[in-house]
Amino acid sequence: MAGNSEGRRVQDKLRRIKPPGQGTMMQLRTKLSLFNLLSKVVFAGMFLILMPYIIQGINLRQVDNNLIQKREQVIAQISDIGIEPFIQSDSSDAFGSYNILKEEFISLERIDNVEDLNYIDVAPRLIEGEEIEYRVLNYSFVINDQKYLLEIGKSLESIRYTEKNTRRVMWVFLIFIIILTFITDLEYTNLLLKPLEKIKNKLKRISDPSHFDNSRVKTSTYDFQRLDSALNELMDHINALFKKEKEITVNISHELMTPVSVMRSKLENILLKKDLDPETEVKIEESLKILHRLQSLISSLLLIARIESHQYLRDESFSLNDLLLEITGEIKPVAADAGVDLTSELPEDFIFKSANRSLIFSMLFNIVNNAVKNTPKGGVVKVRGILRENGYLLSISDTGRGLSEVQKQSLFERFKMRDPASREGTGIGLAISKTIADFHNIEVSVSSESGKGTVFSFLFPANS
Amino acid sequence: MNVLIVEDEKSLASEIADFLRSENFLCDVAFTGKDASEKIAVNLYDFVLLDLGLPDYNGLELINEAWKYNSEASFIIITARGAIEDKVKGLDLGADDYLAKPFALVELLARINAVARRKFKVDTNNIILGNFEMQLSSRKLICRSDEVDLTKKEFDLLSYLVLNRNKVLTRTQLYEHIWGNILDDQYDSNFIDVHIKNLRKKLNTHAPTPWLETVRGVGYRISYGE
């Protein structure tokens, strides 16, 4: 349906209004967590690369110590009971012993080598026809002028097996530590950043400084406390200035209204005189018109100041469809006279709660009326409402001259004319509409293409 | 009818007085609250036009005082302050209407008449306009026993012109009366022209309307002889 796609386009535009640089923006908490995770992964990776070497080193040293210990035991035994129980002087000249799985062996033999031997190395041994690699301790000693060589070996396979076990335990331990520290780090970061989150929330959804909640955020972090109090002070200051500005606006407006009032009455009384010539009549009417312009201007400023200082109540609930029908009903004759087709498409109703009906009426009347005025003969002004999950989206589109980028940017500012050449009006109407929208938390957006038309969109907040 | 104008801006007070006198009212003027208070105590007024921004008096107190003196005056508050609370407070205290400055003198007259109609329960005479008969109480316009189908705004427009018959009403005055405080920033709105055009068209299908005049460059007027 054409209507829906139009609405969606407007909605997309609404969503696209984001602060600049949003693409690369990340929350502080996310950044910290990511860094936390990354540093742990790097650390674990480094550890995994180095782990085999470390474990091997540790294991070898342990095995060597073990071998040396065993050597001491054997030497002690020999010095206790003598060499004979191991090697008979006459028969064989070697002694050997190994356990069933050939994990370890011990051998003792006579040697003639003059050199003293004491070292540990890796060497293959043939035991029962099976060649097995051992870590072997070689040690020579002399008893009764006979040199003996003691060899104690431990099979490399059993060493590797221990290594594997150690590695497995290390893996499990490492994963456990990483997960545990990641979770605790995350929790702590969250806890630490909570005050910052609160400060952020304070600033969120503030369209007017007077809505600022200046209660203190509880924190034991000095930086956050400073940030919070600095913000509070700043906001209080801004609020004070705003209040003053509003007061001045209100006072000046009152002061100006009195002379305007006197002048107006005088001119009106003159106009009521019976014997005026038509030329004078027209001149007086023109003066009255100019005076009325001044009056409208002052009342507009006054109205904005009053809305901004919350002098209006928001205590009404009303049907937006009824309101829109009332508005289009009033503008239709004017549109018809100007040859503009004013249509509305309001399939679902929306009850706007806690609002000020006459302000909303002014706001929408202004926009629809402007749309009609800015549309040439034969053009179309459409009022469309769509009920959405996040509220009620109302769009008012025209087929007028559209707006340039520059015009769009300053559209809602006071005294910015839509078309400086037309010299019609002061452009304060849109500023009023924007003020009323802000007062009711209505999101306003404008999309326009020069020469094709303008779409004003109002997103009324969903009733909670 | 007796009217007391309480207004510290002297030239405004005298303009209002001039206008009301030309409408056959008897006018007194008080420039201060004290003066007004004395006048209310001594004289009987049908209407008091009260400016709230008096230098020496809280204007709202005058309403209370009037009650004390058993005055039957109707109060119409006129103020430049225009604050909502003032309006609510004023109406709560028993004021009959409220007008924000600057206002059109013809609008003031319309308000006074409306209050008078309510207060004295005047059975408004039906007004004859050529072949038309305007029934103000039932808000109907009849032409030779046919009812002319008018919108609310069209009837309001016509009755405002009828009430101020033989006076030129400017577009601004008509616009303000019908659309009240809708702030239109493009002043030469042709709203009124379009509505008058449509009104004429509707009426002319029943009977000619020579009494509804366009005063070129100024506004509109309903003329009919006394």
If we keep only residues of segment B:129-163 that are touching a residue at least 24 places away in the same chain (Cβ under 8 Å) and out of contact with any strand residue (DSSP E or B) (no Cβ under 8 Å at 6 or more places or on another chain), then the residue nearest to A:GLY329 (Cα to Cα) is B:LYS153
Restricting attention to segment A:124-134, does a residue exist that is at pLDDT 85 or above, surrounded by 13 or more Cβ atoms within 10 Å (Cβ to Cβ) and not in a helix (DSSP H, G or I)? yes
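Check segment B:141-158 and report whether any residue there is part of a loop (DSSP other than H, G, I, E, B), within 14 Å of chain A (Cβ to nearest Cβ), polar (S, T, N, Q) and under 21 Å from B:VAL115 (Cβ atoms).
In the first step, residues of segment B:141-158 are kept if they are part of a loop (DSSP other than H, G, I, E, B); the result is B:144-145, B:148-151.
Right, trim to within 14 Å of chain A (Cβ to nearest Cβ) and you get B:150-151.
In the following step, the residues that additionally are polar (S, T, N, Q) were identified as B:151.
Subsequent filtering for residues that are under 21 Å from B:VAL115 (Cβ atoms) retains none.
Scanning segment B:141-158, I find no residue that is part of a loop (DSSP other than H, G, I, E, B), within 14 Å of chain A (Cβ to nearest Cβ), polar (S, T, N, Q) and under 21 Å from B:VAL115 (Cβ atoms), so the answer is no.
What do you reckon, is A:GLU326 surrounded by 18 or more Cβ atoms within 10 Å (Cβ to Cβ) and in a helix (DSSP H, G or I)?
Criteria not met by A:GLU326.
Hey, among the residues in segment A:305-323 that are in a loop (DSSP other than H, G, I, E, B) and in contact (Cβ under 8 Å) with a residue 60 or more places away in the chain, which one's nearest to the other protein chains (Cβ to nearest Cβ)? Working first, answer last.
Taking segment A:305-323 as the starting set, the residues that turn out to be in a loop (DSSP other than H, G, I, E, B) are A:309-315.
Checking which are in contact (Cβ under 8 Å) with a residue 60 or more places away in the chain leaves us with A:309-310, A:312, A:314.
Numbers: A:SER309: 10, A:HIS310: 10, A:TYR312: 7, A:ARG314: 12 Å.
Here the residue is A:TYR312.
For A:ASP341, are the conditions met, namely being acidic (Asp, Glu), under 21 Å from B:THR151 (Cβ atoms) and modelled with pLDDT of 90 or more?
On the way: acidic (Asp, Glu): yes; under 21 Å from B:THR151 (Cβ atoms): yes; modelled with pLDDT of 90 or more: yes.
Against the criterion (acidic (Asp, Glu), under 21 Å from B:THR151 (Cβ atoms) and modelled with pLDDT of 90 or more), A:ASP341 qualifies.
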Apart from one, (1) free of Cβ contacts under 8 Å to residues at least 24 places away in the same chain; (2) touching a strand residue (DSSP E or B) at 6+ places or on another chain (Cβ under 7 Å) all hold for A:LEU149; the odd one out is (1)
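Name the strands (runs of 3 or more DSSP E) wholly within segment A:336-414 that hold at least 2 residues that are out of contact with any Ser or Thr (no Cβ under 6 Å at 6 or more places or on another chain) and among the hydroxyl-bearing types (Ser, Thr, Tyr)? Spell out the reasoning first.
On the way: elements: A:341-345, A:351-355, A:380-388, A:391-398.
Of the strands (runs of 3 or more DSSP E) lying wholly inside segment A:336-414, those with at least 2 residues that are out of contact with any Ser or Thr (no Cβ under 6 Å at 6 or more places or on another chain) and among the hydroxyl-bearing types (Ser, Thr, Tyr) span A:391-398.
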Can you find, within segment A:45-68, the residue that is surrounded by the most Cβ atoms within 10 Å (Cβ to Cβ) among those that are touching a residue at least 40 places away in the same chain (Cβ under 8 Å) and over 27 Å from A:ASN138 (Cα atoms)? A:MET51
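Is there a residue in segment A:370-384 that is within 11 Å of another protein chain (Cβ to nearest Cβ) and touching a strand residue (DSSP E or B) at 6+ places or on another chain (Cβ under 8 Å)? Talk me through it step by step, then tell me what you get.
First, pick out the residues of segment A:370-384 that are within 11 Å of another protein chain (Cβ to nearest Cβ): A:370, A:372-374.
Filter again for touching a strand residue (DSSP E or B) at 6+ places or on another chain (Cβ under 8 Å), leaving A:372, A:374.
Looking through segment A:370-384, at least one residue is within 11 Å of another protein chain (Cβ to nearest Cβ) and touching a strand residue (DSSP E or B) at 6+ places or on another chain (Cβ under 8 Å).
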Flag if A:LEU342 is surrounded by 21 or more Cβ atoms within 10 Å (Cβ to Cβ), touching a helix residue (DSSP H, G or I) at 6+ places or on another chain (Cβ under 6 Å) and within 11 Å of another protein chain (Cβ to nearest Cβ): no
List pairs: first residue in segment A:240-266 and under 9 Å from B:LEU12 (Cβ atoms) and hydroxyl-bearing (Ser, Thr, Tyr), second residue modelled with pLDDT of 90 or more and surrounded by fewer than 18 Cβ atoms within 10 Å (Cβ to Cβ) anywhere in the structure, Cβ distance under 9 angstrom, at least six positions apart or on different chains. A:SER265/B:SER11; A:SER265/B:ASP18
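What residue, among those in segment B:164-176 that are in contact with a strand residue (DSSP E or B) (Cβ under 6 Å, 6 or more places away or on another chain) and closer than 16 Å to B:ARG111 by Cα, is farthest from the other protein chains (Cβ to nearest Cβ)?
Taking segment B:164-176 as the starting set, the residues that turn out to be in contact with a strand residue (DSSP E or B) (Cβ under 6 Å, 6 or more places away or on another chain) are B:165, B:168-171.
Then keep just the ones that are closer than 16 Å to B:ARG111 by Cα; that gives B:165, B:169.
Working: B:ARG165: 12, B:LEU169: 9 Å.
Looking at residues that are in contact with a strand residue (DSSP E or B) (Cβ under 6 Å, 6 or more places away or on another chain) and closer than 16 Å to B:ARG111 by Cα, I get B:ARG165.
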Residue check, A:ALA355 more than 10 Å from chain B (Cβ to nearest Cβ), small (Gly, Ala, Ser) and out of contact with any helix residue (DSSP H, G or I) (no Cβ under 8 Å at 6 or more places or on another chain): yes
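Residue by residue, here is whether (1) within 7 Å of chain B (Cβ to nearest Cβ); (2) in contact with a Cys (Cβ under 6 Å, 6 or more places away or on another chain); (3) surrounded by 19 or more Cβ atoms within 10 Å (Cβ to Cβ); (4) at positive phi holds:
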| residue | (1), (2), (3), (4) |
| --- | --- |
| A:MET235 | no, no, yes, no |
| A:LEU241 | no, no, no, no |
| A:GLU245 | no, no, no, no |
| A:PRO259 | no, no, no, no |
| A:ASN269 | yes, no, no, no |
| A:LYS273 | no, no, no, no |
| A:GLU285 | yes, no, yes, no |
| A:ARG293 | yes, no, no, no |
| A:SER300 | yes, no, yes, no |
Could you identify the single residue in A:ASN369, A:ASN356 that is surrounded by 14 or more Cβ atoms within 10 Å (Cβ to Cβ), over 37 Å from the mean Cα position of the chain (by Cα) and of a type outside the set (A, V, I, L, M, F, W, C)? A:ASN369
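Let's see how each residue does on (1) in the same structural domain as A:LEU291 (by TED's automatic domain parsing); (2) among the polar types (S, T, N, Q):
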| position | (1), (2) |
| --- | --- |
| A:LEU192 | no, no |
| A:GLU197 | no, no |
| A:SER229 | yes, yes |
| A:ASP236 | yes, no |
| A:ASN239 | yes, yes |
| A:PHE242 | yes, no |
| A:GLU245 | yes, no |
| A:ILE252 | yes, no |
| A:LEU256 | yes, no |
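The values are calculated or read from the model by the stated rules, or taken from the named source; none is laboratory data. For clarity, every value in this text was computed on a predicted model and none was experimentally measured. Counting neighbours? That spans all protein chains shown, and the Cβs are built from the backbone with ideal geometry, glycine included.
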